[in-house]
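The values are calculated or read from the model by the stated rules, or taken from the named source; none is laboratory data. Every value quoted in this text rests on a predicted model; they were computed, and no experiment measured them. Cβ: placed from backbone, ideal geometry, glycine included. Neighbour counts: every protein chain shown.
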Amino acid sequence: MRMKDVCGLLGLVAGEDERVFTRLAGYADAGPEAIVFAVDEASLAKALASVAGLILAPVGVGDASERVLAVKNPKHAFALCGRWLDGFVAAVIHPSAVIDESASVGRGTSVGACGVIEKGAVVGENCSIGSNVTIYSCTTIGDRVVVQAGAVLGGMGFGYVRGEDGSYVRFPQIGRLVIEDDVEIGANTTIDRGALGETRIGRGTKIDNQVHIGHNCTIGRDVVIAAQVGISGSCVVGDGVVMAGQVGLGDHVTIGPGVILGGASGVFPGKRLEGPGQMFMGVPAEPLKEYLKSLARVRRLKSRE
Amino acid sequence: MRMKDVCGLLGLVAGEDERVFTRLAGYADAGPEAIVFAVDEASLAKALASVAGLILAPVGVGDASERVLAVKNPKHAFALCGRWLDGFVAAVIHPSAVIDESASVGRGTSVGACGVIEKGAVVGENCSIGSNVTIYSCTTIGDRVVVQAGAVLGGMGFGYVRGEDGSYVRFPQIGRLVIEDDVEIGANTTIDRGALGETRIGRGTKIDNQVHIGHNCTIGRDVVIAAQVGISGSCVVGDGVVMAGQVGLGDHVTIGPGVILGGASGVFPGKRLEGPGQMFMGVPAEPLKEYLKSLARVRRLKSRE
Amino acid sequence: MRMKDVCGLLGLVAGEDERVFTRLAGYADAGPEAIVFAVDEASLAKALASVAGLILAPVGVGDASERVLAVKNPKHAFALCGRWLDGFVAAVIHPSAVIDESASVGRGTSVGACGVIEKGAVVGENCSIGSNVTIYSCTTIGDRVVVQAGAVLGGMGFGYVRGEDGSYVRFPQIGRLVIEDDVEIGANTTIDRGALGETRIGRGTKIDNQVHIGHNCTIGRDVVIAAQVGISGSCVVGDGVVMAGQVGLGDHVTIGPGVILGGASGVFPGKRLEGPGQMFMGVPAEPLKEYLKSLARVRRLKSRE
């Protein structure tokens, strides 16, 4: 990564600068070939004490140094450099991967060892499909999608009809799963296909490990879903929603755009939460202010007795 | 699926009717070859507006039409048709599946890519074992069992004995796992074998994705366990119990037959809940009425101040 | 296992005793070749009623019998015998396992079917790596480590930087994962590598199924983590901590040595809990005594109205 590439990527004007960097690093293991970043005076001092070749630092912080490149948002700039470097990792389909001959895998896509892509599934370009991933038929995946090891995409949803004898018969699970571009999916996460219609994960959404998303959900764009969140069937989650770890949504829940759900909060079936930028907490989830009041009330009660 | 087959399956008398259907569908993608269902006047109107070949509709709803077949429970009938059609999917053991030569796999059973069936495990007839599933030794699986991708059956339970030096030694996990007929198990679910005795999942029980069932549990028949439920070791769950998502049971818990546990509710170790058809909620779980009272009390407190 | 071996293992003096045992068992399926254990008079009576060849029983309980060996802690002794017998299981690397040629796997280590060990990963001696496990590059595993089926070790952590356009760019996940000696990891558990630094699991720690441990966590020694616990990024968990099932820690939480967290309890981001042997419960977690008071207060309120 030449200095010119770094500057181009960050929208800066590059001077005559022939330096080349080959990797990102933390301060502890940085060498002259590495790029690091600093967010304030204190971290910049640490960065300068290392032998890192290039330090991305906030505009206006620290003195001029050949090693420091002033940028608006150093952490974001560092992440962009990472993405740029990732672009040079060669795409490999491991020989042990099992890709059905009727499945389609786009140019530049990697598939890890024992990754399985079943009949008729479609995977776009420049994706990274991890080892031991299973992609069922009826799944369509866009471009630049990352799926980490062990995830299961497009499995049958959990829907049954009870007969008069008390036994259950599976409701047909014959729909589709659509994963849009730039989605990232963590290890051992499971996303079910629609029963009759589709399950859809919107562009740019990021999903952590061990998340479960049920059949017929519609997840918006640029949604962030932390580990072990469980989303029951037929939920609608708006653009830009953030869910902390272990959140649970009952079925047919609607979460409006931009809502933030705190860790382990829960929403009862059929409910709707709205308010861009508003944070909800607890089971059942209530606005943060109300939640904190509830906590305080219970604790005050104790102190009175 | 001839009209005669549909009627036979549903216990109806078939007339002289030569129509043939090949698949189930939602209204949006139904063709003349497809069967759909309606549950009331409104959905029947939609179904009739589609070009679906056959509409399963409730007795007494809508006018007579050649395309409408009146049945007692259309959704159940639709599910039965789905099961009937599934019976024609050819059983395939994928060449990449790894089945130990001492394991036994019954007639008509499919095993997905990279599915692993270890030494001495027994799988019955007409089962569907997904890709990347692991079935440990000491596991016995009945007939018509469905195991979705990534599930792990018969692993070692979580039991340790602490020594005087503070370190833990695993308690022997040398028991068995028995999965009875007609059980269905979701993706990435884990069910441990017994430590000394057995873990058992009763006939007809349906288990969603990412459920954990610990060693030596006895789960009854026709139990429904939604996603991300965690059942600690040595629990007993009665027939017909329903557990919503993310429920947690401590070890040695007993849930009586027919009890319903609401989402994310929790039961402390050693406790017992009883009451067919009674719903429990919260942590620790209390009868729904009590739970709602508790919620209301805390909220009333806030409004008084 | 000769009587001499049993006694040697337990620090007892072996007399002239030529008996040999080949396995452990519960009472129900014990034969003369099996070792069982009893913890009190009642279980000793049951053990004596079986045909078990050797009964490990507490010193001072029951009468002398050739079949009874008096030991300080019979359950611990039984577990030690189990570990001793496990030592004779032959190490096998299944031919379907995928071990990158640049990865290193120590002497006596088994790898199950379709287990994947990626580029440059290091696995120590006498480990047991289950089927369908994925071990990413940048992972180093010590000796005598057990990893059950479907676990994913060393995946990318969940860290993103939001740009001005609202889209997320992954923060570089280029650190390491270190698993120390004698750690045991359950099925479908996921442990992420560090973003820049390392994630570390301390010696002797035992982790159940479906646990999630985020990037840059430091987990101490002899920690016990039950199923479905979720530990967010950058947490520090002290030696000897015990976490019951479904516990959740927000990011940057510190749990002091010896703390016990009850089932489904939660700790908010950035918080610290201290107190060896002290138990915490609830969301947010409070000392057990306080938690029980809170519960009682809410319930008393109801009864007053």
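Odds and ends about this structure:
- Scanning segment B:257-276 for residues that are over 22 Å from the mean Cα position of the chain (by Cα) and buried (at least 24 other Cβ atoms within 10 Å of the Cβ) returns no hits.
- Residues that are touching an Asp or Glu at 6+ places or on another chain (Cβ under 8 Å), surrounded by fewer than 24 Cβ atoms within 10 Å (Cβ to Cβ) and within 29 Å of A:LYS75 (Cβ to Cβ) within segment C:133-159 comprise just one, C:SER137.
- In segment B:267-305, of all residues being of a type in the set (Ser, Thr, Tyr) and either facing chain C (nearest Cβ under 9 Å) or in contact with a strand residue (DSSP E or B) (Cβ under 8 Å, 6 or more places away or on another chain) (or both), the one that is nearest to B:HIS215 (Cα to Cα) corresponds to B:TYR291.
- Condition broken by C:VAL178, with the remaining ones in (1) within 8 Å of another protein chain (Cβ to nearest Cβ); (2) among the aliphatic types (A, V, I, L, M); (3) under 28 Å from A:ALA25 (Cβ atoms) satisfied: (1)
- Scan of segment B:91-121 for residues that are in a loop (DSSP other than H, G, I, E, B), more than 12 Å from chain A (Cβ to nearest Cβ), on the phi < 0 side of the Ramachandran plot and surrounded by fewer than 18 Cβ atoms within 10 Å (Cβ to Cβ), ordered by number: B:ALA91, B:ASP100, B:GLU101, B:SER102, B:GLY106, B:ARG107, B:LYS119
- Single residue of segment C:180-221 satisfying the filter (small (Gly, Ala, Ser) and out of contact with any strand residue (DSSP E or B) (no Cβ under 7 Å at 6 or more places or on another chain)) that is nearest to A:GLY186 (Cα to Cα): C:ALA195
- In segment C:16-39, the residues that are within 11 Å of another protein chain (Cβ to nearest Cβ) form Cβ pairs under 8 Å with partners that are surrounded by fewer than 16 Cβ atoms within 10 Å (Cβ to Cβ) and among the β-branched types (Val, Ile, Thr), at six or more places apart or across chains, as follows: C:ALA30/C:VAL51; C:ALA34/C:THR22.
- Residue selected from segment B:61-90 under the condition in a helix (DSSP H, G or I) and among the hydrophobic types (A, V, I, L, M, F, W, C), by the criterion nearest to the chain's Cα centre (by Cα): B:ALA79
- Across segment C:194-210, a minimum of one residue is classified as acidic (Asp, Glu), more than 10 Å from chain A (Cβ to nearest Cβ) and crowded, with 24+ Cβ neighbours inside 10 Å.
- Subset of segment C:144-197 (residues that are of a type in the set (D, E, K, R) and under 20 Å from the mean Cα position of the chain (by Cα)): C:ARG144, C:GLU180, C:ASP181, C:ASP182, C:GLU184, C:ASP192, C:ARG193
- Of B:SER96, B:SER65, all but one fail to be under 30 Å from C:ALA97 (Cβ atoms) and of a type outside the set (Asp, Glu); the exception is B:SER96.
- Selection within segment C:163-173: residues that are modelled with pLDDT of 95 or more and farther than 14 Å from A:ALA187 by Cβ. The member of this set that is surrounded by the most Cβ atoms within 10 Å (Cβ to Cβ) is C:PRO172.
- Which numbered condition A:VAL51 misses (of (1) part of a loop (DSSP other than H, G, I, E, B); (2) within 21 Å of A:GLY11 (Cβ to Cβ); (3) not hydroxyl-bearing (Ser, Thr, Tyr)): (2)
- Restricting segment C:121-140 to residues that are within 17 Å of the chain's Cα centre (by Cα) and without any contact (Cβ under 8 Å) to a residue 40 or more places away in the chain leaves a set whose member that is farthest from A:TRP84 (Cα to Cα) is C:ASN126.
- Any chance C:GLY202 is of a type outside the set (Phe, Trp, Tyr), assigned by TED's automatic domain parsing to the domain that holds C:GLY245 and over 20 Å from C:ALA226 (Cα atoms): no
- Evaluating A:SER294 against the criteria (1) outside the structural domain of A:GLN173 (by TED's automatic domain parsing); (2) in a strand (DSSP E or B); (3) of a type in the set (Ser, Thr, Tyr) leaves one unmet condition, (2).
- Selection from segment C:232-266 of residues that are more than 9 Å from every other protein chain (Cβ to nearest Cβ), under 21 Å from B:ALA264 (Cβ atoms) and assigned to a strand (DSSP E or B): C:MET243, C:LEU261
- Residue count for segment C:211-231, restricted to those that are away from chain A (no Cβ under 14 Å), among the small types (Gly, Ala, Ser) and in contact (Cβ under 8 Å) with a residue 40 or more places away in the chain: 0
- Within segment C:217-231, the set of residues being buried (at least 23 other Cβ atoms within 10 Å of the Cβ), of a type in the set (A, V, I, L, M, F, W, C) and not in a loop (DSSP other than H, G, I, E, B) comprises C:ILE219, C:ILE225, C:ILE231.
- Scope segment C:235-248; condition crowded, with 24+ Cβ neighbours inside 10 Å and within 16 Å of A:ALA227 (Cα to Cα); matching residues: C:GLY245, C:GLN246, C:VAL247, C:GLY248
- Sole residue being hydrophobic (A, V, I, L, M, F, W, C) and in a helix (DSSP H, G or I), chosen from C:ALA42, C:ALA14: C:ALA42
- Conditions (1) more than 9 Å from every other protein chain (Cβ to nearest Cβ); (2) touching a residue at least 24 places away in the same chain (Cβ under 8 Å); number of the one not met by C:PRO58: (2)
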